[in-house]
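Data block below; observations after.
Derivation of every value follows stated rules applied to the coordinates shown; laboratory data play no part. Quantities reported herein were computed from a predicted structural model and do not represent experimental measurements. All Cβ positions, glycine included, derive from the backbone under ideal geometry; neighbour counts span all protein chains shown.
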Amino acid sequence: MKILLLGSNGQLGWELQRTCPDYVTLDACDYPQIDLCSTGGILERIRACRPDSLINVAAYTAVDKAEEDRDTADRLNHTAVAEIAGYCRQDNIRMVHISTDFVFNGQNHKPYLPDDPPDPISVYGRTKLGGEQSVQKILRNQSLIIRTAWLYSSHGDNFVKTMLRLMKEKQSLNIIDEQIGTPTWANGLARAIWTALEKKISGLFHWTDAGVASWYDFAMAIQEEGMTAGLLNQAIPVFPIPGHLYPTPAKRPFYSVLDKTSFLHALDLKPIHWRVHLRSMLKEIHP
Ligand SMILES: NC(=O)c1ccc[n+]([C@@H]2O[C@H](COP(=O)([O-])OP(=O)(O)OC[C@H]3O[C@@H](n4cnc5c(N)ncnc54)[C@H](OP(=O)(O)O)[C@@H]3O)[C@@H](O)[C@H]2O)c1
């Protein structure tokens, strides 16, 4: 099976490369070899590679910056994705595309199902919704769209690594306890993507690790597990604060737990709790 991976240097792109099964021939590329701002180069790459499937994990992921930089966010997350889907249709290539919990407004009181109505409240969420809707419209069942949330990996910048750094530098920390979601190790998602490709699963699905947490819960777990793993020498006080005390340019969903039952069923996989995955990821970090 030949796969073209766009966005190989990001968290998920890196995890896809190191979990790639033996039977896959992977052509992995990222900016600046391919630039989603000018898709001409991508068409050339597709034609040179002639893949069976294309996995797109490249994206504009700077959620707050997107509020100011709408055009670039829309180009990367929406119109470039639509163009790539068009190329895939022309050349009969399956497309795997990653979307986000930020397509929802966060007012639910139970986990979001894949067909719950989206209602993004940020530029990032709106542009990602534009991207996934284009893929669905252009490729229909020749595509797999996976919404995920709160990704982290030992590669790249993320909440886990920021917390470990701040917990060494600061005397105390204030962390929001209002937003509720599910921390998700990108490694688990990467393995799910390979299984889904092998099983030729199509459609719109959700994937996160199992369980639920606030950012405050997540920070506390990072401190506890970080100390157990020998990455932190001492615990500092961590205080829960409401969101309005930490204002950000982009609004974030209050509750964005995703219901992943249909995907787990299709994949025939059991969910792994986020705290178990956090422990696995921390083993990869050096003090
Ligand atoms: N991170 C999360 O918490 C989260 C949550 C929900 C959904 N998602 C989605 O999951 C997917 C993977 O996320 P991630 O955390 O792995 O993202 P990431 O680490 O930010 O990686 C994104 C990749 O896109 C590349 N990229 C940026 N601009 C580009 C351009 N003009 N042309 C080509 N490539 C470009 C980046 O390259 P450079 O490194 O060179 O900039 C980077 O390799 C994305 O679709 C994201 O929207 C992420």
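Applying the criteria of a DSSP loop state and at most 13 other Cβ atoms within 10 Å to the GluC sites (Glu not before Pro) of region 184-287 yields E284. Kirkwood-based Rg over Rh for region 169-270 (C-alpha set), two decimals? Reported Rg/Rh (Cα atoms, Kirkwood Rh): 1.07. Under the simplified labelling scheme, the K137-D64 pair shows an inter-label distance of 3.3 nm, with each label point 7 Å from Cα along Cα→Cβ. Counting charges near W215 (Lys, Arg +1; Asp, Glu -1) among other residues having Cβ under 14 Å from its Cβ returns a value of -3. Along region 191-197 the Karplus relation, 6.51 cos²θ - 1.76 cosθ + 1.60 evaluated at θ = phi - 60°, assigns HN-Hα couplings of 5, 5, 5, 5, 5, 5, 5 Hz to successive residues, with x for each Gly and Pro. The trypsin sites (Lys or Arg not before Pro) of region 175-277 meeting both criteria, a DSSP state outside H, G, I, E and B (loop) and at most 13 other C-beta atoms within 10 angstrom of the site's C-beta, are K199, K200. Between the alpha-carbon centres of region 151-188 and region 1-19 there is a gap of 22 Å.
Our Cα-only numbers for region 8-166 put the radius of gyration and Dmax at 15.9, 49 Å. Judged by the mean number of other Cβ atoms found within 10 Å, the most tightly packed of the peptides 99-110, 228-239 leads the ranking 99-110, 228-239. Here, the chain is characterised by an Rg to Rh ratio of 0.96, where Rg is the alpha-carbon radius of gyration and Rh the Kirkwood radius. Pick out which of T25, T127, T182 has the largest mean-square fluctuation in a Gaussian network model of the chain, springs linking Cα atoms closer than 10 Å. Most flexible of the set in this elastic network: T25. Taken about its Cα centre, the chain carries a charge dipole of about 460 debye when Lys and Arg each add +1 at the Cβ and Asp and Glu each add -1 at the Cβ. Sorting the segments 6-15, 66-75 by their residues' average number of neighbouring beta-carbon atoms within 10 angstrom, most packed first, yields 6-15, 66-75.
In a fully extended conformation the segment linking T72 and D91 would gain 4.2 nm over its present Cα-Cα distance, using 0.36 nm per residue.
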